[in-house]
Amino acid sequence: MIISASYKTDIPAFYGEWFMNRLDAGYSLLRNPYNGRLSRVDLSLEAVDGFVFWTKNLGPFLPRLKEVHRRGFPFMVQYTINGYPRALEVSVLEATKAAEHVREVSDQFGRDAVVWRYDTILLSSLTPVEFHLDNFAIIAESLKGCTNECVISFAQIYRKTRRNLDRAAAEEHFTWREPSGEERQTLLRSLLRMTKANGMALTLCSQPEFAGEGVDEAHCIDAQRLSRIAGQTIVAKLKGMRETCGCYESRDIGDYDTCPHGCVYCYAVLNRELSKRRYGAHDALAERFS
């Protein structure tokens, strides 16, 4: 089984000690969000085909990543680097420092081990199209030779996302909007030229309707990439988290409303104050995440 750690929260940035404790124990408990039942997730070397780590700050986890490798677990990192203003990403690591982390992972474990995510693309008065073109170009150039894929997505506006965006817009005095289909396609073509120039494929996460013309569907939980890293075939079904998701089957061991980064567009956080409280109350010795 492939283990996702975690698209629901940032385990490498905030919960690395808990993760290593669970790796030592060889299991974690997972709470079903609908009925509250607990299930056991086997984290032994025999049971885990590979880990997919999701993060916006790999720094605290870099020494632990080396230990994961030493123990024989294949892994890949989905590293989000957006370089957005603080009004949109309250406490996310600076893009230049995150790029250094990508280079370090690439140098030690190879280009397959880390994927750059420019995710999610939000159009606002702080981040108009021109901002994205300039910002993306700078980040892409800084990552040249370090990764072979960039995953993007356009902001998907769920009810809680809209509420958080509207609240932040009122407090920080900006406006935001959803781009038209034509704007998305025009921006995609520009980003594709930049990724090609820097030796990367451009893929789309959970938005296959915009794929085509050199932009493929993303497999963020990627059994094929993990197979290359492991040096052997990892067998997994294509079974995404939702209908439009291109991921391979996995178990995620995180939990929603636990990431205190403060990204106003985030689908995994109801509100930052709740996440900060849950982060403060987290027990690194607990069997289950929260």
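Structure data summary
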read-out: Region 199-224 residues that are over 10 Å from ILE152 (Cα atoms), paired with ones that are modelled with pLDDT of 95 or more and surrounded by fewer than 17 Cβ atoms within 10 Å (Cβ to Cβ) (beta carbon under 7 Å, 6 or more apart); value: GLY199/LYS144; GLY199/GLY145
read-out: Subset of region 28-46 (residues that are assigned to a strand (DSSP E or B) and without any contact (Cβ under 8 Å) to a residue 24 or more places away in the chain); value: SER39, ARG40
read-out: Selection count where residues are surrounded by fewer than 21 Cβ atoms within 10 Å (Cβ to Cβ), at pLDDT 95 or above and assigned to a loop (DSSP other than H, G, I, E, B), scope region 241-254; value: 1
read-out: Region 15-56 - residue that is at pLDDT 95 or above and among the hydroxyl-bearing types (Ser, Thr, Tyr) and, of those, surrounded by the fewest Cβ atoms within 10 Å (Cβ to Cβ); value: SER44
read-out: Selection count where residues are in contact with a Cys (Cβ under 9 Å, 6 or more places away or on another chain) and among the polar types (S, T, N, Q), scope region 98-150; value: 2
read-out: Selection within region 69-109 - farther than 24 Å from PHE154 by Cβ and buried (at least 21 other Cβ atoms within 10 Å of the Cβ); value: PRO74, PHE75, HIS101, VAL105
read-out: PHE73 being over 17 Å from the mean Cα position of the chain (by Cα) and of a type in the set (A, V, I, L, M, F, W, C); value: yes
read-out: Residues (surrounded by fewer than 24 Cβ atoms within 10 Å (Cβ to Cβ) and hydroxyl-bearing (Ser, Thr, Tyr)) located in region 5-14; value: TYR7
read-out: Near pairs, Cβ below 9 angstrom, 6+ apart or cross-chain, from region 59-74 (among the small types (Gly, Ala, Ser)) to any residue that is assigned to a helix (DSSP H, G or I); value: GLY59/PRO12; GLY59/ALA13; GLY59/LYS97; GLY59/ALA98; GLY59/GLU100; GLY59/HIS101
read-out: Test result for TYR265, outside any helix (DSSP H, G or I), of a type in the set (Phe, Trp, Tyr) and surrounded by 22 or more Cβ atoms within 10 Å (Cβ to Cβ); value: yes
read-out: Residue tally, condition in a loop (DSSP other than H, G, I, E, B), surrounded by 22 or more Cβ atoms within 10 Å (Cβ to Cβ) and not aliphatic (A, V, I, L, M), over region 211-240; value: 2
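Every residue, every condition in (1) charged (D, E, K, R); (2) crowded, with 20+ Cβ neighbours inside 10 Å; (3) touching a Lys or Arg at 6+ places or on another chain (Cβ under 8 Å); (4) within 13 Å of ARG117 (Cβ to Cβ), yes or no:
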residue	(1), (2), (3), (4)
GLU141	yes, no, no, no
HIS173	no, no, no, no
TRP176	no, yes, no, no
ARG189	yes, no, no, no
LEU204	no, yes, no, yes
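The values are calculated or read from the model by the stated rules, or taken from the named source; none is laboratory data. As the structure is a computational prediction, the values presented were derived from the model and not from experiment. All Cβ positions, glycine included, derive from the backbone under ideal geometry; neighbour counts span all protein chains shown.
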